[in-house]
Structures are given as structure tokens and as C-alpha cells.
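K.L.:
A single structure is presented below for examination.
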Ligand SMILES: Nc1ncnc2c1ncn2[C@@H]1O[C@H](COP(=O)(O)OP(=O)(O)OP(=O)(O)O)[C@@H](O)[C@H]1O
């Protein structure tokens, strides 16, 4: 399967004040399962549509493998049907008057493949996606998840080099989404297809993708494995966007904040660091005081089914702690909260994130 190269790719819709996609450089490797992740309106669908060839680019270049398929500079444009790309949208757009089998074989007939190959390919893909028993049914006689699988089967049958999926699970209920995520992972493992998947759901991205590209307002923020994006965010946007409950952020420029004072005293932080973040699960709570702990009161305990979110307060700003262990605390209890230095994210004024080792901070006894 070919890699996809997006070079200085920009899209400005007519009349728009700023580009929907701004000077994007991204390589999607052969066989990669890449998720374009970001909030609504950040340009994800526009990128997918440009790769598919159904949205004209404003600047830059798209190459699939060695072949440039779109370039303003070179004045070249390969039409969508010649890019060997499968596109599945949020709405499955199955032909309602065709049976499942007919929907799947349609693209193969358009390609004028021999009848026995059409039969073999469609049977194979229906078996792999467990929809063979519904071959004779019409889309209206299928559940949402079954329709979804037919839409995927239809794309996979034509054996695209690249599969583009635009939030294809968004119409499904929670149980079906889980089932379809497993299905998509199997498809990726079985077919080795390069997949680009659009989502605004970080959980979906974390559980599905081999690589995540986080976007904000048309700008690429970070590309990395799910672990890198979660544990080593490059900036405040990525750190804040990933994680539920959200990253705790402590503004260090509040002289009256006990929390800010504790962190300032405990770590020698350079002046340019103006806030500090820590994931809720990275906090450590103890019953006993220790030199590096801050006393905080438990104000809320929220069970979320198998895990708990605990709100802690010390004066004004609350902190959130999350755990999968049944909490031994009650609301009103005093606990001692530690901030492990390797779990801290330090942000400077422009939002760039630094690790503890980078800010070269020394620990200092505080309590
Ligand atoms: N055809 C269009 N004409 C003008 N502006 C558009 C058009 N399509 C999208 N936009 C604008 O471009 C920006 C990016 O839109 P896009 O659909 O790519 O975002 P997205 O990240 O996929 O959002 P969502 O998650 O809501 O689908 C948005 O500000 C949107 O309003």
C-alpha cells in the first residue's frame, strides 16, 4: 500500500477569513491507521475530502505513493475515481433499492471485473465482516451496525489502497461502536489497508489508531502514537484536549493560590513557566503527610462505573483525581496529595509543554 504525503497543504474556502487547513505537512505511512483528531471545525473533513479529490486544494501538494495526485504548483489533478481510494462517510449512503450483495458488487461491476471474481471478492468480504447471512436483505432491513459493515464491505471489496473514514461510527450506540471499533481493527490487521480516520472522539482515536494527528483551527498540533499524544503532549492544546477527566491545570501566577505556592516551592521553576498540568490519575493521595505532599479536602466523589472521580479542594481551585480502586475516603476527609515530578507538564506563556527534566527543576522540601 502506498504512503500518502501532504505537503504545505492549504485550503481556504471562498469568502473565509482564515484557511480551514493551513500549510499542513503530514505523511501517512504504508499500512498506518491514522486518526485525524480535533474539535468540530478544525479541518478534519476538509483534509479527507482533499485526499479523496472531491475538494479542490488552494495550495500545496498531495502525493499517493510516488504519484502526485494534486498540485497547484505542477497544475496536476488526478480525479477521485483514479486515486484508488475508498471513502466512507458518517451516513452510510447505501443504495436502498439494492440488496446487501448488490450494494457490495456494484463497484466491482462498474470496474467491469469478471463475474467469478466479483462473486469471490464479495463473498470473501461478506464473510470477513460477518454479513453473509444478510446478503439478500435490503438496507432498511438491517440494524445501524449491520448497515455500517455493509458500507465498509462495499469499500473493501474494490480493494482500495487507502480507506478514508469520516466519523463512520458516529450514528451508532455505545455497544455497537465498541463492536465496530473491534471490527475496524480486524479489518486493518486483515487487509493491511492504509486507513485515515476522522474523529473528534479522543477515546475512539486512542483505542483505534496506530498514529494520531491532532488538529486545531486548521493547524496540525502534534503527530504521534496514542501514548505519545497522551503522555508527551507538545503543547497546552493537546494536553488539554486529550484525557477525560481533563488534565488538571494550575496557574502558577496566582500569589494567593496555595496550590501554586506549593508547586513553586517544591520545584525551582524558571520564570517563563506560567502553569503546570497533571493528569487526574497521576496524582497520589495518602492518609499520611509527607514532606512533598499538600493537604487537600475531598469535596466530591463521583462513581463512573468501575472508576471514580474525586474532587479535591484547597481554597479556590479544585483538582480532580481519578482511580479504578474503590475509594477509601469520604467527602470532607483530609488527604495528602503528591505531584510526581515525572508526571508534571510545564507550560510556558505561548503554551509549549516542557518535561520536568527540560525545565531543569530541582526538588525542594515544602512541608
Ligand atoms: N463548503 C464549505 N464552504 C465554506 N466553509 C466550509 C465548507 N466546508 C467547511 N467549511 C469550514 O471549514 C472549516 C473546517 O471544516 P471541516 O468540516 O473540515 O471541519 P471538521 O473538523 O471536519 O468539523 P466536524 O468535526 O464538525 O465535522 C469550518 O470552519 C467550516 O465551517
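Every read-out reported here was derived from the displayed coordinates using simple, explicitly stated rules and does not represent laboratory data. The model shown is predicted, which means the values in this text are computed figures rather than measured ones. For neighbour counting, all protein chains shown are included, and Cβ atoms are generated from backbone atoms with ideal geometry for every residue, glycine included.
K.L.:
Having 2 or more residues that are under 13 Å from the mean Cα position of the chain (by Cα), in contact (Cβ under 8 Å) with a residue 40 or more places away in the chain and within 25 Å of residue 8 (Cα to Cα) is the bar; report the helices (runs of 4 or more DSSP H) wholly within region 211-277 that clear it.
P.N.:
236-241
K.L.:
What's the number of the only condition in (1) under 26 Å from residue 151 (Cα atoms); (2) loosely packed, with under 15 Cβ neighbours inside 10 Å; (3) within 16 Å of the ligand (Cβ to nearest atom) that residue 109 fails to meet?
P.N.:
Evaluating residue 109 over (1) under 26 Å from residue 151 (Cα atoms); (2) loosely packed, with under 15 Cβ neighbours inside 10 Å; (3) within 16 Å of the ligand (Cβ to nearest atom) leaves (3) as the failure.
K.L.:
Can you run down the residue pairs with Cβ atoms below 8 Å, 6 or more apart or on separate chains, where the first is in region 1-22 and on the phi > 0 side of the Ramachandran plot and the partner is within 12 Å of the ligand (Cβ to nearest atom) and not in a loop (DSSP other than H, G, I, E, B)?
P.N.:
Sorted first by the residue in region 1-22, then by its partner, the pairs are 8/24.
K.L.:
Additional query: State all residues of region 324-340 that are outside any loop (DSSP other than H, G, I, E, B) and either at positive phi or surrounded by fewer than 16 Cβ atoms within 10 Å (Cβ to Cβ) (or both); if no residue qualifies, say none.
P.N.:
The answer is 334, and nothing else.
K.L.:
Tell me the residue from 30, 70 that is more than 12 Å from the ligand (Cβ to nearest atom) and either closer than 22 Å to residue 154 by Cβ or within 20 Å of the chain's Cα centre (by Cα) (or both), please.
P.N.:
After ruling out the rest, the residue left standing is 30.
K.L.:
Among the residues of region 192-207, is any in a helix (DSSP H, G or I), more than 16 Å from the ligand (Cβ to nearest atom) and either within 24 Å of residue 19 (Cβ to Cβ) or in contact with a strand residue (DSSP E or B) (Cβ under 8 Å, 6 or more places away or on another chain) (or both)?
P.N.:
Checking region 192-207: at least one residue is in a helix (DSSP H, G or I), more than 16 Å from the ligand (Cβ to nearest atom) and either within 24 Å of residue 19 (Cβ to Cβ) or in contact with a strand residue (DSSP E or B) (Cβ under 8 Å, 6 or more places away or on another chain) (or both).
K.L.:
Related question: Of the residues 47, 54, which single one is assigned to a loop (DSSP other than H, G, I, E, B) and either within 16 Å of the ligand (Cβ to nearest atom) or without any contact (Cβ under 8 Å) to a residue 24 or more places away in the chain (or both)?
P.N.:
54
K.L.:
Going by the structure shown, is residue 102 away from the ligand (no atom under 16 Å from the Cβ), buried (at least 18 other Cβ atoms within 10 Å of the Cβ) and in a helix (DSSP H, G or I)?
P.N.:
So residue 102 fails the test.
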